[in-house]
C-alpha cells in the first residue's frame with residue numbers, strides 16, 4: 001500500500017540532512033504529499049519575570065528563522081513540501097494534531113546515535129507510537145554528519 005501523506009518531524013539540526021533526504025525519496029517513490037513540522041518549545045516558561053522582552057516578537061523571529069532554514073534544507077534536496085508547520089508547545093500534541101490535520105499515513109522522525117536507542121525512544125517518541133492509522137519510521141542520525149556549507 002503506497003503512502004499518500006508523509007509527515008516529517010524535524011528538530012532543525014545539521015544532522016537531519018539524511019532524515020529529510022529519506023523523506024523526500026519516499027515521497028517521490030510513493031508520489032505522496034510531503035508535510036514538515038518543527039515544534040518550538042513554549043517560550044513563556046523559559047523567559048520568566050525578570051526579563052523585560054516582548055515574547056511575541058521573539059516567537060515571530062524564531063518562526064521566520066526556522067521556516068527559512070527548512071526552505072533551505074528543501075532547496076538542497078531539490079524538493080518542495082506541501083506544507084510546513086511551525087507550532088509552539090508540546091511536541092507530542094503538535095505532531096498528533098499535524099498527523100490528523102494532514103491525514104498522514106507515515107510519520108518520519110530521527111534518532112541521534114550518541115543516545116541509547118531505548119533512552120531516546122522512551123523519552124522523546126513514545127507519544128508517536130499511539131497515533132492511529134500512521135506508520136512510524138525512525139531514521140538513525142549520524143553523530144558526525146558534516147554540516148558543509150556551499151562554497152561561494
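Here, each number is a calculation from the coordinates, and none is a lab measurement. All figures in this text were calculated on a predicted structure; none of them were measured in a lab. When we count neighbours, we look across all protein chains shown, and the Cβ atoms used for this are built from the backbone with ideal geometry, even at glycine.
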Task: Cβ crowding within 10 Å averaged over residues, with 1-7, 71-77 ranked highest first - done: 1-7, 71-77
Open item on the list: Applying a 10 Å radius around every beta-carbon, put 133-140, 9-16 in order of their mean neighbour count, most first.
Closed with: 9-16, 133-140
